[in-house]
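**Student:** I'd like to ask you about the structure that follows.
The values are calculated or read from the model by the stated rules, or taken from the named source; none is laboratory data. Here the structure is a predicted model, which is why all the values come from computation and not from measurement. With ideal geometry, Cβ positions are generated from the backbone for all residues, glycine too; neighbour counts draw on all protein chains shown.
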Amino acid sequence: MSRDVIDHLAEIAAGSPLDAIRRARPDAREHAQQSFLALLEPAQPGELRLVDRYAVAAYAALLHDERSRAAAFYLELLADEAEPGLVAAVRRAAEAGRASGPYGDYRESALRSEAVAGPAAAIERGVIGPRLAAALEHAHLLVLHPRDARPEALRALVAAGWGADAIVSLSQLVAFLSFQLRLVHGLRVLAATPAGAQLATRASAEATA
C-alpha cells in the first residue's frame with residue numbers, strides 16, 4: 001500500500017512505528033484517502049471547481065494553523081489552479097479571520113451563559129469573487145462558529161449562486177478537512193513526544209505480531 005496524503009502531511013516514514021499503526025487499520029486508511037480524492041480531486045468537479053475546492057481547503061488549513069505542513073500543501077494545490085493574486089487574497093482572508101474558537105451561541109437555554117462571541121469572516125471582495133467569498137465565509141462558520149450554523153447560512157450560499165449539490169460538497173469538504181487536520185496534528189504530536197514514540201513502537205509491535 002503506497003503512502004497517502006495523511007502520511008505526507010504527518011511526515012510518516014515508510015516502515016516507522018506510526019506507519020505500521022496506520023497500516024494495521026487499512027479500511028480506515030483507505031476511506032480517508034478516498035474521501036480526499038472524492039472531495040479535493042474528483043474526476044468531475046462539477047459546479048464546485050477544483051480551484052474553489054483548493055481555495056476552501058487552503059483557507060480552512062490556514063485558519064487551523066498557518067505554519068502547518070497542511071496549509072503549505074493546500075496553498076500549493078491552489079497555486080497550481082489559480083493566479084497568484086487569488087492565492088495571496090485567500091492567505092490574507094485567513095489571516096484576517098483567524099481566531100482560536102470555537103465560538104457561537106448555544107441553543108439550549110441552560111448553556112447560553114457559556115456562549116462566546118468570536119470574529120466573523122473577513123473576506124476581501126474583488127480578487128475573491130462573490131461565490132467563492134460566500135464559500136469561504138461558510139467555511140469560517142463551520143470551522144470557528146459551528147454552534148452558529150443555521151438555515152440562513154445555507155440561504156447565503158444559495159443567494160451567492162451555489163446549487164444544492166455544491167453546497168453539500170462544500171460542507172462535506174470542510175468537515176473532512178477538520179478531521180484530516182486534527183488527525184495529522186495528533187500523529188505529529190505522537191511522533192514528537194518521547195512517551196508517544198514509545199507508545200507507537202509498542203502498538204506497532206502488537207499490530208504486526
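**Student:** Only one of (1) over 29 Å from residue 161 (Cα atoms); (2) surrounded by fewer than 18 Cβ atoms within 10 Å (Cβ to Cβ) fails for residue 18. Which number is that?
**Tutor:** It fails just one condition, (2).
**Student:** Still on this structure, please answer the following. In segment 140-156, how many residues are part of a helix (DSSP H, G or I) and either at pLDDT 95 or above or basic (Lys, Arg) (or both)?
**Tutor:** 2
**Student:** Checking the conditions here, which among 48, 77 is within 15 Å of residue 176 (Cβ to Cβ) and in a helix (DSSP H, G or I)?
**Tutor:** Values: 48 fails: in a helix (DSSP H, G or I).
One residue alone meets the criteria, 77.
**Student:** Exactly one of (1) farther than 25 Å from residue 11 by Cβ; (2) surrounded by fewer than 23 Cβ atoms within 10 Å (Cβ to Cβ); (3) aliphatic (A, V, I, L, M) is unmet by residue 93. Its number?
**Tutor:** (2)
**Student:** When you check residue 166 against the structure, is it within 22 Å of residue 96 (Cβ to Cβ), surrounded by 13 or more Cβ atoms within 10 Å (Cβ to Cβ) and of a type in the set (Gly, Ala, Ser), yes or no?
**Tutor:** No; evaluated as a whole, the condition is false for this residue.
**Student:** So, in segment 60-81, how many residues would count as being among the hydroxyl-bearing types (Ser, Thr, Tyr) and either under 11 Å from the mean Cα position of the chain (by Cα) or crowded, with 20+ Cβ neighbours inside 10 Å (or both)?
**Tutor:** The total comes to 1.
Matching residues to (1) modelled with pLDDT of 95 or more; (2) under 21 Å from residue 41 (Cβ atoms):
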| residue | (1), (2) |
| --- | --- |
| 64 | no, yes |
| 68 | no, yes |
| 74 | yes, yes |
| 78 | yes, yes |
| 83 | yes, yes |
| 90 | yes, yes |
| 97 | no, no |
| 106 | no, no |
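**Student:** Could you list, in sequence order, the residues of segment 1-34 that are of a type in the set (Val, Ile, Thr) and under 20 Å from residue 172 (Cα atoms)?
**Tutor:** The answer is 5, 6.
**Student:** Return yes or no: is residue 31 within 28 Å of residue 157 (Cβ to Cβ) and in a helix (DSSP H, G or I)?
**Tutor:** In short, yes.
**Student:** So, one more: Of the residues that sit in segment 157-171 and are in a helix (DSSP H, G or I) and in contact with a helix residue (DSSP H, G or I) (Cβ under 6 Å, 6 or more places away or on another chain), which one is nearest to residue 78 (Cα to Cα)? Spell out the reasoning first.
**Tutor:** We begin by selecting, within segment 157-171, every residue in a helix (DSSP H, G or I); these are 157-159, 164-171.
After this cut, where a residue has to be in contact with a helix residue (DSSP H, G or I) (Cβ under 6 Å, 6 or more places away or on another chain) as well, the list is 157, 167, 170.
Details: 157: 21, 167: 20, 170: 16 Å.
Within segment 157-171, the match that is nearest to residue 78 (Cα to Cα) is 170.
**Student:** Which of the residues belonging to segment 33-47 are touching a Phe, Trp or Tyr at 6+ places or on another chain (Cβ under 8 Å) and either crowded, with 23+ Cβ neighbours inside 10 Å or of a type in the set (A, V, I, L, M) (or both)?
**Tutor:** Across segment 33-47, the qualifying residues are 39, 40.
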